[in-house]
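What follows is a short report on a single structure.
The values are calculated or read from the model by the stated rules, or taken from the named source; none is laboratory data. All values reported here derive from a predicted model rather than from experimental measurement. Here the Cβ is made from the backbone with ideal geometry for all residues, glycine too, and neighbour counts use every protein chain on show.
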Amino acid sequence: MKVEFAGGKEAPSGGLLAVAHLSVHEAGLRLNLEATRKIVFYASENNVSTIVLPYMQPYGPIIQLYDVIQRDDLRKFFALTRESSYVKTLITLSDHYGVNIVLPGYFERVSSKIYVSTAFTSWELEDGLATRRKLVLNEKERRLGLSRGVDLPMFVDKGFVFNTLMEDELFYPEIARFITENNANLLIVALPQVEPPKNYIELSKSLALIYRVWVLVPGSRFVRRDGTVYALPTILINPEGEIIYKHYGLEEAFIVIPRGLLRSTPRTIGLNSRTFYRLYRHLYKRYSIYGGVPREGGTGQAGQPI
């Protein structure tokens, strides 16, 4: 596997963050989980403190992939609970190797509800797992009866603060603003390998520049059962809106980023974060955009297979 360094090999203090630019196999949970085991071990051997996995790494981008899928099938075959073997394995790997794991996008099942969530597993968390649920659902997710999150907790790793924008949340700058004004050092934009939103690179650059924050788009290769490959590049954007690193999606890679590089000047908003979030929630409801409505022109162009 190719090893690359974003921001130079001389790492500032603060530890190392890595992006696992891997192949994700369609509905291949066991194969994908084995790849996760190997890459977390590799991260521990190379003194990486936090690793970011591909979007929807357990099964691939199921909703984007299948035109017809029933909610019961999604719940039965693809949604994961805390007790699922995949999630329990992530928690065990973090505890055993001392490596924090970020899974930016998976289907989380809690009782009868299904969410699109980000998972953060850490050996330093009391329960080993923290999740953040998607706030804005697209039309297909609503038709499937998915639930949206009602809170926006930050992920904190020894003072390093980060969060994710999942798919359509990229089109709601208020969410990015709330994240960055809660002292986030890094904004992770989680996108499907198939049918990523149109102009996602320009949108990500704009958010970086407007909110003066580092933005990471973790990429990967998605391999269908018939051998067709879709690819999304891994991109790192600085607070000036400039792409300082880009790895094209054809080749697997282990991309190392010094966390010290990503630390930026703390931002404060002069409001209690809970009050600030409630204000945005009220505005979303008032203007009928919270929870998601179809954007004019749809969700974007379909990704092209390689």
One residue is enough: does the stretch 66-74 have a residue meeting the conditions under 19 Å from the mean Cα position of the chain (by Cα) and surrounded by fewer than 22 Cβ atoms within 10 Å (Cβ to Cβ)?
no
Against the condition under 30 Å from ARG263 (Cα atoms), part of a loop (DSSP other than H, G, I, E, B) and aromatic (Phe, Trp, Tyr), how does TYR42 come out, does it pass?
no
So the check is Cβ under 9 Å with 6+ separation or different chains; which pairs have a first residue in the stretch 196-214 that's more than 17 Å from ILE179 (Cβ to Cβ) and a second one that's acidic (Asp, Glu) and crowded, with 18+ Cβ neighbours inside 10 Å?
PRO196/GLU167; PRO197/GLU167; PRO197/ASP168
Test PHE155 against the criterion of being surrounded by 17 or more Cβ atoms within 10 Å (Cβ to Cβ), touching a Pro at 6+ places or on another chain (Cβ under 8 Å) and among the aromatic types (Phe, Trp, Tyr), and give yes or no.
no
Being of a type outside the set (S, T, N, Q) and touching a Lys or Arg at 6+ places or on another chain (Cβ under 9 Å) narrows it down to one residue among VAL68, VAL48, VAL52, VAL24; which is it?
VAL24
Run down ASP151, ASP168 and say which single residue is of a type in the set (D, E, K, R) and either over 17 Å from ILE62 (Cα atoms) or assigned to a strand (DSSP E or B) (or both).
ASP151
Can you tell me which residue within the stretch 51-77, out of those that are part of a loop (DSSP other than H, G, I, E, B), aliphatic (A, V, I, L, M) and out of contact with any Phe, Trp or Tyr (no Cβ under 8 Å at 6 or more places or on another chain), is farthest from ASN138 (Cα to Cα)?
LEU53
For the list (1) farther than 24 Å from LEU236 by Cα; (2) assigned to a loop (DSSP other than H, G, I, E, B), I need the number of the one condition that ASN182 fails.
(1)
Going by the conditions given, is LYS113 more than 25 Å from GLN64 (Cβ to Cβ) and of a type in the set (Lys, Arg)?
no
Filter result (within 19 Å of ARG177 (Cα to Cα) and hydrophobic (A, V, I, L, M, F, W, C)) within the stretch 215-246:
VAL215, LEU216, VAL217, LEU236, ILE237
Return only the number of the condition from (1) part of a loop (DSSP other than H, G, I, E, B); (2) out of contact with any Lys or Arg (no Cβ under 9 Å at 6 or more places or on another chain); (3) under 22 Å from ASN138 (Cα atoms) that ARG225 does not satisfy.
(3)
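Quick grid of which residues meet (1) small (Gly, Ala, Ser); (2) at pLDDT below 95:
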residue	(1), (2)
ALA20	yes, no
HIS25	no, no
LEU29	no, no
LEU33	no, no
ILE69	no, yes
GLY98	yes, no
Quick test of your reading of the structure: VAL215 fulfils all but one of (1) within 30 Å of GLN70 (Cα to Cα); (2) surrounded by 17 or more Cβ atoms within 10 Å (Cβ to Cβ). Name the failing condition by number.
(1)
Restricting the search to the stretch 29-61, which residues are of a type in the set (Phe, Trp, Tyr) and out of contact with any strand residue (DSSP E or B) (no Cβ under 6 Å at 6 or more places or on another chain)?
PHE41, TYR42, TYR59
